[in-house]
Amino acid sequence: MKVTLQQIEKGNEEVIIRYRRMTERMERIIEYLEGQSEKLSGTKGGQEFFISIQDILYLESVDGVTYFYTKKEVYRVAHTLTFLEALYAQEGFFRCSKSMMLNIYRIERLKSMPGKRIDATMDNGEHIVISRRYAGELRNRLREEA
């Protein structure tokens, strides 16, 4: 298998896969690139679930307990936001307030608010307010992605 790497200054990173036929190895490579192999463990109703990080809209810490939210479910996670931020910052997760991180790839719409805050509408319709402390950092990060 030939691998070609090209560094870019701006724009979105891109991976192109050329194959003769889809094999199990190719499927694993695609899963890895799409991040589907990366899962976070969470509990709900006394059961443990492994959820793909792409399915997570945001994470929140409430009274010292961390939860992550998908489109329809809420799971408790055994890690702190600080730990998860270090682990998933490169995967599109962004600290938007002292007690919350969101998945920037799941943002549907952004709207400026008074006080330099930002209202982020997630792809499930939920609104998350990005505090002014983190709003500038989000703007910079989105400019880098463009």
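The values are calculated or read from the model by the stated rules, or taken from the named source; none is laboratory data. Computed from a prediction, not measured in an experiment: that's the story for all the values here. In this analysis, Cβ positions are derived from the backbone assuming ideal geometry, glycine residues included, and neighbour counts consider all displayed protein chains. Note: areas computed on protein heavy atoms with side chains; ligands, DNA, RNA excluded. Shrake-Rupley method; radii C 1.70, N 1.55, O 1.52, S 1.80 Å.
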* Index of the failed condition, residue 42 passing every other in (1) within 27 Å of residue 144 (Cα to Cα); (2) out of contact with any Leu (no Cβ under 9 Å at 6 or more places or on another chain); (3) open to solvent by less than 30 Å² (accessible area, probe 1.4 Å); (4) of a type in the set (Gly, Ala, Ser) -> (1)
* Between residues in the stretch 63-74 that are over 15 Å from residue 101 (Cβ atoms) and residues that are among the hydrophobic types (A, V, I, L, M, F, W, C) and surrounded by 15 or more Cβ atoms within 10 Å (Cβ to Cβ), which pairs lie under 8 Å by C-beta distance while being six or more apart or on different chains? -> 71/57
* **Filter pass, residue 126 being open to solvent by 60 Å² or more (accessible area, probe 1.4 Å), touching a residue at least 24 places away in the same chain (Cβ under 8 Å) and over 22 Å from residue 34 (Cα atoms)** => yes
* Asked: Given the structure, is residue 27 surrounded by fewer than 18 Cβ atoms within 10 Å (Cβ to Cβ), under 30 Å from residue 117 (Cβ atoms), free of Cβ contacts under 8 Å to residues at least 12 places away in the same chain and of a type in the set (Asp, Glu)?
  -> no
* Check on residue 58, surrounded by 13 or more Cβ atoms within 10 Å (Cβ to Cβ), touching a residue at least 60 places away in the same chain (Cβ under 8 Å) and touching a strand residue (DSSP E or B) at 6+ places or on another chain (Cβ under 7 Å) -> yes
